[in-house]
Amino acid sequence: MISQVFILSSKGDYLIYKDFRGEAGKDSISVFYEMVTALSGDQPPVVMTHKDLHFIHVKQGGLYWVASTKVNPSPFTIIEFLNRLAALTKDYCGSLSEKSVRMNFALIYELLDEMVDYGYIQTTSTDILKNFIQTEAVSSKPFSLFDLSNVGLFGAETQQSKVAPSAAATRPIMSGRGEQGGKNEIFVDVIERLSVVIGSNGMLMKADIEGEIRVKCYLPSCSEMRIGLNEEFSIGKSQLRGYGAAVHVDECSFHQAVKLDEFDSFRILKVCPSQGEQTVMQYQLCDNLPCAPPFRLFPTLERDYGNRLLIYLKLRCDLPPKSSALNVSITVPVPKGSLSLSQELSSPDQSAELQPKNKAILWEIPRFPGGAQLSALFKVEVPGLSSASLLEVGPVSMSFELPKYTCTGLQIRFLRLTPTQPGLSQRWVRYVTHSDSYTIRI
Amino acid sequence: MTDSKYFTTTKKGEIFELKAELNSDKKEKKKEAVKKVIASMTVGKDVSALFPDVVNCMQTDNLELKKLVYLYLMNYAKSQPDMAIMAVNTFVKDCEDPNPLIRALAVRTMGCIRVDKITEYLCEPLRKCLKDEDPYVRKTAAVCVAKLHDINAQLVEDQGFLDTLKDLISDSNPMVVANAVAALSEIAESHPNSNLLDLNPQTINKLLTALNECTEWGQIFILDCLANYTPRDDRESQSICERVTPRLSHANSAVVLSAVKVLMKFMEMLPKDLDYYGTLLKKLAPPLVTLLSAEPELQYVALRNINLIVQKRPEILKHEMKVFFVKYNDPIYVKLEKLDIMIRLASQANIAQVLAELKEYATEVDVDFVRKAVRAIGRCAIKVEQSAERCVSTLLDLIQTKVNYVVQEAIVVIKDIFRKYPNKYESVIATLCENLDSLDEPEARAAMIWIVGEYAERIDNADELLESFLEGFHDESTQVQLQLLTAIVKLFLKKPTETQELVQQVLSLATQDSDNPDLRDRGYIYWRLLSTDPVAAKEVVLAEKPLISEETDLIEPTLLEELICHIGTLASVYHKPPSAFVEGSRGVQHKRLPARAGSGESTDSPDVSQSVGGATEAAPTVIPSQGDLLGDLLNLDLAPPAAGPTVPPSMQLGAMDLLGGGLDSLLGGDIGGSPAMGAGLGSTPAVMPTSLGAPPVVGGGLGDLFDLGGSVGMPAGAYVPPKSVWLPAMKAKGLEISGTFARRSGVIQMELSLTNKAMSVMTDFAIQFNRNSFGLAPAGPLQVLTPLSPNQTIEVSLPLSTSGPVMKMEPLNNLQVAVKNNIDVFYFSCQYPISLLFVEDGKMERQVFLATWKDIPNDNEAQFVIKDCHLNSDAASSKLQGSNIFTIAKRTVDNQDMLYQSIKLTNGIWVLTELRVQGGNPSYTLSVKCRASEVSQFVYQCYELVLKN
């Protein structure tokens, strides 16, 4: 049972404060802020206690979303709820920022009132909520269709392809009420997170993919949408269909609104998307990467005369030639006491620097086409270099984005709305793979 | 035009301006003004002065404005109770509005106004709303009952809202059901004995049906409620599990965890050889793994829970080791938790993989993580013997890095490895000694010194090494000083010739120059040992050391069981029981896992000795509160029993009953006074008879009057043995329970004296029986109305029914009892005289008696001798009649009286007896015939008890 909910700016200003049960004082806000700012990096921040009051919070959009409680509730419930609250705020206000929360405080109070009663969570579904909500959202920036100057989704350049304008997905869902002629758009994003560990012998030691299909819907009326996945999509270890290039995942879970009657035979998800953003399907794949790992590293370590350490890295991108990786950054830990770095990089748009605080070299590549190979030579000055210091080099870790690419091979075959609304609706399908845990051991 | 302008800084006349705007005629302006007021309220400004003006805006048909005004009211009504009354009329009116949104809004807001005066007005509207046609209104009203209960519990009970709330569990709308369940669960928590949420197979079925239909949040309420239910048997348990399992694939992790909790709990009841048990185990793994792909906050919470699950049932995740390998971008607190789980899951099958990982971790950047990784390698060595060698060589590699904290950590764990595998890896000592100088942490220094002392005979320069430590003896921490002292003494015992000077030096440092009593004492002990008997010293100091355990920091089993019942809650994150961090009575109830059905465990209660034929001492056996032995007792949720049909003792039977009570007390007093007590069932009276004379709490008041009247000529009542101590205070954290049993006018009573010998006040008493031979069960809650303060004794009389579940006990009259208070749950067992069960209509027709006597085979006849009884047959007969042993016929042959008597037990068993009384001979002969011959022995004991007292 939630006792209070409050939203704080990163500076600790009160944006929203709602007391549901009258059992804790308002000073708990400042208590919380003191505690959360005093946390050191290695303390688990999720659950904190002050006397008999427990705080559970998440940080989203640069804001603290906090719930306090005096009993023994489920932290999962509260974290899920706070995440939903943030998502709903985003749906209703268009974007998530201190400004948008401030501007729409009355709306958020109203939302909170319907979402929680006496600390019991009632609903977080936009479909239900829209029956109750009276206040209209105030958008921080009037939405303009021609505002394409922004960088596209996940850093993709907008000009290069049919990527939807990013601003399109950041407008409030309810603002269209007066001006019905607005956009009836629907966005379906397939997002995968890849984490990989490659051993020092080049063997793939561990790989998993966490994926989700996210729908962001601006359609005012609830019409059924059918999302067709690859027909050869299979779930679980035993259930293999056909030969060869089957798309396979280990585990799948679905939003409760998804109807699965055509899923088993046709791999079609049926859903009546409510307005706003929702994750209709989540899936995981462990250990069984259907494609080659996107990057391969060939490192050479050498002790130059004196106190100089030579690190020669050859990095190959094994994506298909048409794809490319963006914002690739590579972190190479170096021995402590490393003083300076000189580098030779293979093209001018790359950069590399020594970060003394993390004892690591950060090598950044803005764009890395599939099939290409880049190399870098780092010369690091390490006073008192010993053979034991060589052990401190590595493992190398990378982060990157692969737009228009899914590692599982999951594709959306079609997206159909019934009843069809000719010309009225625009449908967008976007794919992206992220990785911020791609480790290569040396 | 944006709302953010409301937050602009306050000017002087702001309140005044707002007042004017609030009283404006224009709706838009009013709305804007109320918004400004609320904005000020949020940032903490006091705008209570505007109360009347805002309340004036309440009567509007604009829903948005109304909501805003209500928001304001909720915040300030408490500080302005008198003015809040002004709003009441509008509330009451709104509760009848045709628009359900407004009805619900009004009832919701009224519940949030925590002002007593308002609650009175709330009752009528709430009653209507609970029966509203619109489910939205009903679900809001259901929550409102919980709100009202928090303000005025008595009012809620008086108004009968609880019953209405119970009815809502069967509502057609799942949302209403979910809220009703949530509200009832909360109310029930503050009344542990109220039996509000009467969970039975029917309600469970309703809940399971609603589970499939309601929102994800409603599902959580329902699953949490299900987790409190204890299924009757494994079949019911399985069928609930089957219906809960689909929730495991829900996208909301809170639903998943609540489902996991239900399954983990009910799995306890499934036999392990059942196919379904294996299936269920397999189904639990994927959802737990899925949780690890969530954001770090959820991951952390999930890992804390998985840590518990892995300790309870490692088999669930034994094949999933890889998912716990840390990721590069995991926050440190997630990494540390993963490491912990990795070690718990480490086994021979996966050790190679784990070690390779740990070795990588040991070269990472984060110091805490690296330390823990190094320790983990050591723990692997200790846990999986086959890997020990590889672990040691890995540790040596790490020592080569010369990274200070890695080296120190490695030395600490190598010490443990030496202890676990003596005489195996000592070859590495040389390497360790190289690093002596770099050790600056006490733990590592102490470990190194221990190694040097332990293997002094193999280290050539051990004396030099130890001497080097000795230089700064007084600057060392106590840990190091103690270790150094012991190490040097060991060294001396091994190489006495060269080290005499050293040992004298350390002994004098420890005994003369130290302020630390521990150190001084240890020094003196060694000194005396060495000076009096060096051989004995050798035996003591160089004694064989006990093995060290494989698993460290495991959670204690009882706590683990309780925590498993709290999976998915804060308790599972803190790894503390809720009572440790939740204030007040809420959530303090201890939860236990149910016992596995079908296994023999439940009946294996400690053997209470009861030898045949003799008046034995039925020493109350205190059952250890830990362990699974008790099966069924653990099963108890300590909710009060279902209110049985048993007649409350004093209310209906009127005078007769009072009379009975009075006489018993009189009798009890007499008996207690005579020192000849102690035969038969009652053990030596530990509690002095004074407590016996005390009237039972229920219905005893008037009995005292009859005591005074002293009706001497009346037939004697049933015999009541004196109270004996059933549960000594030592074994129950200060609670002493002594008691006895009585049968008064057909009502069986357990009379208890509860004494608080602890320092703190005890509250929240409840009692529950294990299944027993005659189905004895409490017919009402344990009536301890006031808290029991230290050194206070309270007398309680608990009416019992015989309609409880039956299970044959050994001995037959054994009763296992669980008593709960705010501190803990305690278990003990006691024995009741079987005369308790002799019913009033036990007089058999003569003809029937004869026929029955013949009918029962002679094998079932048992003979006993009652010695030293000086009553004549008539006196015996009337005395026995008091205990419902009825004489049907009397025959006299050769100066020998034969009494034929019949007894009927509560469960309908007839016992026929023949009592022979020889004039002048104090020994009686008793023949007992009964189809259930087990009871004969106990019937005989009753005769003896009754006749001799």
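The values are calculated or read from the model by the stated rules, or taken from the named source; none is laboratory data. Keep in mind that what you see is a predicted model, and the values were worked out from it rather than measured. When we count neighbours, we look across all protein chains shown, and the Cβ atoms used for this are built from the backbone with ideal geometry, even at glycine. Remember, those area values only see protein heavy atoms, side chains included, never the ligands or the DNA or RNA. Shrake-Rupley method; radii C 1.70, N 1.55, O 1.52, S 1.80 Å.
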| query | Quick check: anything in segment B:478-495 farther than 22 Å from B:ILE429 by Cα, modelled with pLDDT of 85 or more and either among the hydroxyl-bearing types (Ser, Thr, Tyr) or buried (at least 19 other Cβ atoms within 10 Å of the Cβ) (or both)? | reply | yes
| task | Run A:ASP189 past the list (1) at pLDDT below 75; (2) more than 14 Å from chain B (Cβ to nearest Cβ) and report the number of the one that doesn't hold. | result | (1)
| Where residues in segment A:89-111 are open to solvent by 10 Å² or more (accessible area, probe 1.4 Å) and touching a residue at least 40 places away in the same chain (Cβ under 8 Å), which of them is nearest to the other protein chains (Cβ to nearest Cβ)? | A:ARG102
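Report whether or not B:ALA818 is assigned by the TED database to the domain that holds B:SER760, open to solvent by less than 40 Å² (accessible area, probe 1.4 Å) and of a type in the set (Gly, Ala, Ser). Explain how you work it out, then say what you get.
Working: assigned by the TED database to the domain that holds B:SER760: yes; open to solvent by less than 40 Å² (accessible area, probe 1.4 Å): yes; of a type in the set (Gly, Ala, Ser): yes.
Criteria met by B:ALA818.
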| query | Is it the case that some residue within segment A:53-74 is within 8 Å of chain B (Cβ to nearest Cβ) and farther than 28 Å from B:GLU189 by Cα? | reply | yes
| field | Per-region count, segment A:41-83, residues hydrophobic (A, V, I, L, M, F, W, C) and out of contact with any helix residue (DSSP H, G or I) (no Cβ under 7 Å at 6 or more places or on another chain) | value | 4
| message | Condition first: under 20 Å from B:THR906 (Cα atoms), in contact with a Pro (Cβ under 8 Å, 6 or more places away or on another chain) and open to solvent by 30 Å² or more (accessible area, probe 1.4 Å). Now tell me which residues in segment B:840-894 satisfy that. | response | B:GLN881
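Kindly indicate whether B:TYR328 is open to solvent by less than 30 Å² (accessible area, probe 1.4 Å), within 11 Å of chain A (Cβ to nearest Cβ), under 30 Å from A:VAL280 (Cβ atoms) and among the hydroxyl-bearing types (Ser, Thr, Tyr). Step through it out loud before you land on a result.
Numbers: open to solvent by less than 30 Å² (accessible area, probe 1.4 Å): no; within 11 Å of chain A (Cβ to nearest Cβ): yes; under 30 Å from A:VAL280 (Cβ atoms): yes; among the hydroxyl-bearing types (Ser, Thr, Tyr): yes.
Spelling it out, it is not the case that B:TYR328 is open to solvent by less than 30 Å² (accessible area, probe 1.4 Å), within 11 Å of chain A (Cβ to nearest Cβ), under 30 Å from A:VAL280 (Cβ atoms) and among the hydroxyl-bearing types (Ser, Thr, Tyr).
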| remark: Residue set A:SER338, A:SER397, A:SER351, A:SER347; condition free of Cβ contacts under 8 Å to residues at least 60 places away in the same chain, polar (S, T, N, Q) and buried (at least 19 other Cβ atoms within 10 Å of the Cβ); output residue A:SER338
| Meets criteria (open to solvent by less than 60 Å² (accessible area, probe 1.4 Å) and either in contact with a Pro (Cβ under 7 Å, 6 or more places away or on another chain) or not hydrophobic (A, V, I, L, M, F, W, C) (or both)) for A:GLU231 | no
| request: Name the one entry in B:ASP855, B:ASP868, B:ASP824 that is closer than 30 Å to B:MET762 by Cα and at pLDDT below 85. | output: B:ASP824
| request: Please give the number of the condition B:ASP366 fails out of (1) crowded, with 18+ Cβ neighbours inside 10 Å; (2) closer than 18 Å to A:GLY394 by Cα; (3) within 11 Å of another protein chain (Cβ to nearest Cβ). | output: (1)
| query | If you take the residues of segment A:49-70 that are open to solvent by less than 10 Å² (accessible area, probe 1.4 Å) and of a type in the set (A, V, I, L, M, F, W, C), which of them is farthest from the chain's Cα centre (by Cα)? | reply | A:PHE55
| Answer residue from segment B:898-907, given it is modelled with pLDDT of 85 or more and more than 49 Å from the chain's Cα centre (by Cα) and is surrounded by the fewest Cβ atoms within 10 Å (Cβ to Cβ) among those | B:TYR900
| Listed residues B:GLU454, B:GLU471, B:GLU385, B:GLU441; which is more than 48 Å from the chain's Cα centre (by Cα) and either open to solvent by 30 Å² or more (accessible area, probe 1.4 Å) or of a type in the set (D, E, K, R) (or both)? | B:GLU471
| message | Of everything in segment B:443-489, what is touching a residue at least 40 places away in the same chain (Cβ under 8 Å) and within 15 Å of B:LYS415 (Cβ to Cβ)? Give them in sequence order. | response | B:ILE451, B:LEU482, B:THR486
| said: What's the number of the only condition in (1) open to solvent by less than 20 Å² (accessible area, probe 1.4 Å); (2) touching a helix residue (DSSP H, G or I) at 6+ places or on another chain (Cβ under 9 Å) that B:MET762 fails to meet? | reply: (2)
| task | Take segment B:257-274 and flag every residue that is open to solvent by 10 Å² or more (accessible area, probe 1.4 Å) and within 14 Å of chain A (Cβ to nearest Cβ). | result | B:LYS261
| query | Restricting attention to segment B:743-754, does a residue exist that is open to solvent by 20 Å² or more (accessible area, probe 1.4 Å) and aliphatic (A, V, I, L, M)? | reply | no
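When the residues of segment B:91-125 are narrowed to those that are touching a Gly at 6+ places or on another chain (Cβ under 8 Å) and part of a helix (DSSP H, G or I), which ends up farthest from the other protein chains (Cβ to nearest Cβ)? Please lay out each step first, then the result.
Filtering segment B:91-125 down to residues touching a Gly at 6+ places or on another chain (Cβ under 8 Å) leaves B:112, B:114, B:122.
If we keep only those that are part of a helix (DSSP H, G or I) too, we end up with B:112, B:122.
Details: B:CYS112: 8, B:LEU122: 14 Å.
Residue satisfying both the conditions and the ranking: B:LEU122.
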| request: Kindly indicate whether any position in segment A:273-295 is in a strand (DSSP E or B) and loosely packed, with under 15 Cβ neighbours inside 10 Å. | output: no
| remark: Turns out the helices (runs of 4 or more DSSP H) fully within segment B:286-401 with at least 2 residues that are touching an Asp or Glu at 6+ places or on another chain (Cβ under 7 Å) are B:296-312, B:332-345, B:367-383
| Any residue in segment B:239-256 that is open to solvent by less than 30 Å² (accessible area, probe 1.4 Å), free of Cβ contacts under 8 Å to residues at least 60 places away in the same chain, under 29 Å from A:ASN83 (Cβ atoms) and in a loop (DSSP other than H, G, I, E, B)? | yes
| Which residue out of B:LYS67, B:LYS27 is within 14 Å of chain A (Cβ to nearest Cβ), touching a helix residue (DSSP H, G or I) at 6+ places or on another chain (Cβ under 9 Å) and surrounded by 15 or more Cβ atoms within 10 Å (Cβ to Cβ)? | B:LYS67
